[in-house]
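The block underneath contains the structure these notes are about, expressed in structure tokens.
Readers should treat all values here as calculations from the given coordinates under stated rules, not as data from a laboratory. Given the structure is predicted, the values throughout are model-derived calculations rather than measurements. Note that we place each Cβ from the backbone using ideal geometry, even for glycine, and neighbour counts take in every protein chain shown.
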Amino acid sequence: MKKIRIGTNVFLPMPVVLVGTEIGGRPNVLTAGWVSRVNADPPLIAVSINQINATPEGIRENGTFSINLPTAAMMGVADYCGLVSCRYTDKSDLFEFFRGTLIGAPMIQNCPLTMECRLIDTVELPTHLLFIGEIVGGYADENILNQKIPDINAMKPLILTMPDNAYRTLGEYAGKAWSEGTHLARGT
Ligand SMILES: Cc1cc2nc3c(=O)[nH]c(=O)nc-3n(C[C@H](O)[C@H](O)[C@H](O)COP(=O)(O)O)c2cc1C
């Protein structure tokens, strides 16, 4: 197949998350797609947040944040949290929050999977701040657990694609990871 150079504004599919912080003592929620697990042990997650947003103030103030996975049914409120800043519009009454062990990392009751994170490093990028947090506690709704593991189908996460700026739901199960390639192993 002929390859066509398409420039540099290219992306991978991303899960949509809601980043929870406390700013001036009030909960705030920012929608983010630029998020990923980045270390195994300790469990680290990184989220990249534009410096113009209010959320970095909360993360730096408390040294904590939360990551919350909204369901597809929460698409409207998740989109809204990405459209307005708490600098101009209070978002603290959009959700019911619960707390784990950390101060400043409110988690969203309605999200089936949440995690409270302690900030361990901040990488200053030209437009964004890459916040790297250690997951100190993960929480899941009882009814999405399958043998104590969160069931991705039960969570119904939202997937963000760019640059077409679309929300999607997960596709079909395709195969077992770390297993589908074993038949290609060559003898040593
Ligand atoms: C689907 C979606 C994904 C987004 N992803 C990010 C992101 O990864 N990083 C970021 O800084 N802003 C992202 N935004 C924009 C912020 O959520 C938005 O600027 C928000 O209003 C900032 O809120 P705050 O000022 O209260 O912190 C996203 C918005 C949407 C709708």
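Figures for the structure shown
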read-out	value
Identity of the residue in segment 167-188, surrounded by fewer than 10 Cβ atoms within 10 Å (Cβ to Cβ) and outside any loop (DSSP other than H, G, I, E, B), that ends up nearest to the chain's Cα centre (by Cα)	Thr182
Candidate set from segment 24-60 (those that are hydrophobic (A, V, I, L, M, F, W, C), surrounded by fewer than 21 Cβ atoms within 10 Å (Cβ to Cβ) and under 21 Å from Gln109 (Cα atoms)); member that is farthest from the ligand (Cβ to nearest atom)	Ile45
Residue, nearest to Gly104 (Cα to Cα), within segment 124-149, restricted to residues that are within 16 Å of the ligand (Cβ to nearest atom) and in contact (Cβ under 8 Å) with a residue 12 or more places away in the chain	Gly133
Residue among Ile132, Ile149 that is out of contact with any helix residue (DSSP H, G or I) (no Cβ under 9 Å at 6 or more places or on another chain) and within 19 Å of Leu30 (Cα to Cα)	Ile132
Unique residue being more than 10 Å from the ligand (Cβ to nearest atom), more than 17 Å from the chain's Cα centre (by Cα) and farther than 19 Å from Asp121 by Cβ when the list is Val77, Val10	Val10
From Asn68, Asn110, residue being away from the ligand (no atom under 14 Å from the Cβ) and either assigned to a loop (DSSP other than H, G, I, E, B) or not aliphatic (A, V, I, L, M) (or both)	Asn110
Per-region count, segment 80-90, residues surrounded by fewer than 19 Cβ atoms within 10 Å (Cβ to Cβ) and more than 16 Å from the chain's Cα centre (by Cα)	7
Test: Thr21 is near the ligand (Cβ under 8 Å from one of its atoms), surrounded by 12 or more Cβ atoms within 10 Å (Cβ to Cβ) and in contact (Cβ under 8 Å) with a residue 24 or more places away in the chain	yes
Unmet requirement for Arg99, which otherwise passes all of (1) free of Cβ contacts under 8 Å to residues at least 24 places away in the same chain; (2) within 13 Å of the ligand (Cβ to nearest atom)	(2)
Search result, residues across segment 8-28 that are over 12 Å from Glu57 (Cβ atoms), in contact with a Ser or Thr (Cβ under 8 Å, 6 or more places away or on another chain) and part of a strand (DSSP E or B)	Met14, Val17, Leu18, Val19, Gly20, Pro27
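One line per residue, one yes/no per condition, for (1) closer than 30 Å to Thr8 by Cβ; (2) over 18 Å from the mean Cα position of the chain (by Cα); (3) part of a loop (DSSP other than H, G, I, E, B); (4) among the acidic types (Asp, Glu):
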site: Asp93; (1), (2), (3), (4): no, yes, yes, yes
site: Thr114; (1), (2), (3), (4): no, no, no, no
site: Thr122; (1), (2), (3), (4): yes, no, no, no
site: Ile135; (1), (2), (3), (4): no, no, no, no
